[in-house]
Amino acid sequence: MDRDPTLKDAYRMSSQGDVKELYRVWAHSYDSGFGDSQGYQLPRAVAQAYLTAGGTGPVLDVGAGTGLVAEYLIRGGVDVIDALDLSDEMLGVARMKGFYRHLIAADVTAALPMVSGDYRGVVSAGTFTMGHVGPEGLIPLMDAVKSGTLFVISVNAAHFESAGFADAMNGFAAQIEGLTFADTRIYDDRADDGHRNDLARLIVFRKA
Ligand SMILES: C[S@@+](CC[C@H](N)C(=O)[O-])C[C@H]1O[C@@H](n2cnc3c(N)ncnc32)[C@H](O)[C@@H]1O
């Protein structure tokens with residue numbers, strides 16, 4: 001890709017190779033060219049939901065990207081945060097901010113033997129969305145963490161419907177407790193036409 005990516009590009013990725021290439025190119029301009037210019041407010045909403053639910057560190061930030069969620073978690077008093085992401089370049093930007101204890105380059109849809117079972121929480125903003133990760137990404141996370149771990153996962157609301165998240169959550173019923181859903185705007189009024197009112201569904205639960 002020889003130009004800065006757009007939201008439209010991001011939503012139509014069809015392979016993991018595409019996703020890696022997208023974020024390789026996007027990493028250097030993601031915070032200002034996407035986060036600020038589109039009024040991307042989902043990271044704050046995810047961090048706030050985690051804090052409101054009583055979340056503490058250590059927490060794993062899945063699809064952490066450049067560290068936008070960690071910034072709000074740290075402001076809320078969370079002391080230890082690890083980042084997991086497919087993109088070395090996004091993790092490279094995150095590294096420079098110094099928010100994370102460990103940076104884990106990994107695919108969340110595959111087994112995660114490198115993920116410690118000691119987390120008290122798992123958060124994710126903007127990763128479970130079109131062209132990125134479907135409900136299959138929840139399985140390795142559930143397998144990796146211990147009982148009682150708090151999850152706050154954002155799922156693009158249209159993707160929630162089309163990718164089968166409702167069925168997936170039903171399938172987890174015996175393994176989770178305290179499941180709640182809440183919809184929140186992903187962007188503010190600065191977003192491109194057609195995306196200004198896009199919603200994410202925040203899925204909050206604990207592993208039983
Ligand atoms: C829209 S960005 C969100 C980044 C950050 N959480 C935020 O809210 O700004 C999506 C991130 O998910 C990562 N990602 C996509 N597919 C992934 C996968 N299968 N495993 C791990 N990370 C993935 C991308 O590399 C990218 O950094």
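For the reader, a short list of remarks on this structure follows.
- Residue in the range 126-137 that is away from the ligand (no atom under 15 Å from the Cβ) and modelled with pLDDT under 95 present: no
- The range 143-156: number of residues that are assigned to a helix (DSSP H, G or I) and in contact with a Ser or Thr (Cβ under 9 Å, 6 or more places away or on another chain): 1
- Matching residues in the range 4-29 - criterion: being within 10 Å of the ligand (Cβ to nearest atom) and of a type in the set (A, V, I, L, M): Leu7, Ala10, Met13, Val19, Leu22, Ala27
- Residue in the range 82-91 that is buried (at least 24 other Cβ atoms within 10 Å of the Cβ), within 21 Å of Phe205 (Cβ to Cβ) and free of Cβ contacts under 8 Å to residues at least 40 places away in the same chain present: yes
- Test: residue in the range 31-38 that is within 18 Å of Ile104 (Cβ to Cβ), within 13 Å of the ligand (Cβ to nearest atom), part of a helix (DSSP H, G or I) and of a type outside the set (Phe, Trp, Tyr): no
- Exactly one residue out of Val78, Val115 is touching a helix residue (DSSP H, G or I) at 6+ places or on another chain (Cβ under 7 Å) and assigned to a loop (DSSP other than H, G, I, E, B): that is Val115.
The values are calculated or read from the model by the stated rules, or taken from the named source; none is laboratory data. For clarity, every value in this text was computed on a predicted model and none was experimentally measured. Cβ: placed from backbone, ideal geometry, glycine included. Neighbour counts: every protein chain shown.
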